[in-house]
Amino acid sequence: MSKALWLGIYIGSIVLANLCTTQFGLVPIGFGLLVTAGTFAAGFALIARDAVQVKSGKAIVLLAIVIGAGISALTSNPAIAIASGIAFLISELVDFAVFTPLKGRNLAGAVVASSVISAPVDTVLFLHLAGFGVTWQAVLGQFIVKTALALIAAIVITARR
């Protein structure tokens, strides 16, 4: 896919995550676990940002987060948009430390490793800043969803190679 398409997917997934969370808040996913309604889109955003980094570089990823948060502030609850933007920016710095050095050796492994490490950072910061409360049910639920999406992406990457 092209740089512009990945960038649009990334920004769109940020906006969608914030819009869903604004509309529906925390939702149950079974086994007593909760996720914000935007978790599936946010989990995809964690994967899309790796594609944007590979195709366009780190500066574009950071710019995309700001654009996504800005659009979200117009379409969603501004407090959720701000919490999301801060959480994405901080977790992106963590992602840079993990994904960037690994991507040349094993792209699929880099996607999984960076998601496993940055997803909890994103989750805890977002839950706290957005005022949802940091509970084990919400942290574990979001970690499971985001990690599952990263594993699916790794399988697709491996199959395409």
What's the number of the only condition in (1) modelled with pLDDT under 90; (2) surrounded by fewer than 16 Cβ atoms within 10 Å (Cβ to Cβ); (3) of a type in the set (Ser, Thr, Tyr) that Ser115 fails to meet? (2)
Which of the residues belonging to segment 10-52 are at pLDDT 90 or above and either farther than 22 Å from Ala83 by Cβ or among the aromatic types (Phe, Trp, Tyr) (or both)? Tyr10, Phe24, Gly30, Phe31, Gly32, Phe40
Only listed residue being out of contact with any Pro (no Cβ under 8 Å at 6 or more places or on another chain) and either in contact (Cβ under 8 Å) with a residue 12 or more places away in the chain or closer than 24 Å to Met1 by Cα (or both), chosen from Ala64, Ala73: Ala64
Output the residues belonging to segment 103-112 that are surrounded by 16 or more Cβ atoms within 10 Å (Cβ to Cβ), part of a helix (DSSP H, G or I) and either touching a Lys or Arg at 6+ places or on another chain (Cβ under 6 Å) or without any contact (Cβ under 8 Å) to a residue 60 or more places away in the chain (or both). Leu107, Ala108, Ala110, Val112
What single numbered condition from (1) open to solvent by 20 Å² or more (accessible area, probe 1.4 Å); (2) under 23 Å from Thr22 (Cβ atoms); (3) of a type in the set (D, E, K, R) fails to hold for Glu92? (1)
Among the helices (runs of 4 or more DSSP H) contained in segment 1-80, which hold 2 or more residues that are crowded, with 21+ Cβ neighbours inside 10 Å and polar (S, T, N, Q)? 3-24, 39-56
Taking segment 129-146 as the region of interest, how many residues are assigned to a helix (DSSP H, G or I) and in contact (Cβ under 8 Å) with a residue 60 or more places away in the chain? 9
Being in contact with a His (Cβ under 8 Å, 6 or more places away or on another chain) and either open to solvent by 20 Å² or more (accessible area, probe 1.4 Å) or of a type in the set (Gly, Ala, Ser) (or both) narrows it down to one of Val134, Val139, so name that one. Val134
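Can you tell me which residue in segment 149-161 is most open to solvent (accessible area, probe 1.4 Å), limited to those that are under 23 Å from Phe31 (Cβ atoms) and free of Cβ contacts under 8 Å to residues at least 40 places away in the same chain?
The initial filter retains those residues of segment 149-161 that are under 23 Å from Phe31 (Cβ atoms), namely 149-152.
Add one more test, that the residue is free of Cβ contacts under 8 Å to residues at least 40 places away in the same chain, and what stays is 151-152.
Numbers: Leu151: 84, Ile152: 100 Å².
That would be Ile152.
Take Asp95 and decide whether it is modelled with pLDDT of 90 or more, in a helix (DSSP H, G or I) and among the acidic types (Asp, Glu). Walk me through how you get there before you give the answer.
Values: modelled with pLDDT of 90 or more: no; in a helix (DSSP H, G or I): yes; among the acidic types (Asp, Glu): yes.
Criteria not met by Asp95.
The values are calculated or read from the model by the stated rules, or taken from the named source; none is laboratory data. On a predicted model such as this, the values are computed, not experimentally measured, just so you know. Here Cβ is always computed from backbone atoms with ideal geometry, including for glycine, and neighbour counts include all displayed protein chains. Calculation scope for accessible area: heavy atoms of the full protein, side chains included, ligands and nucleic acids excluded. Shrake-Rupley method; radii C 1.70, N 1.55, O 1.52, S 1.80 Å.
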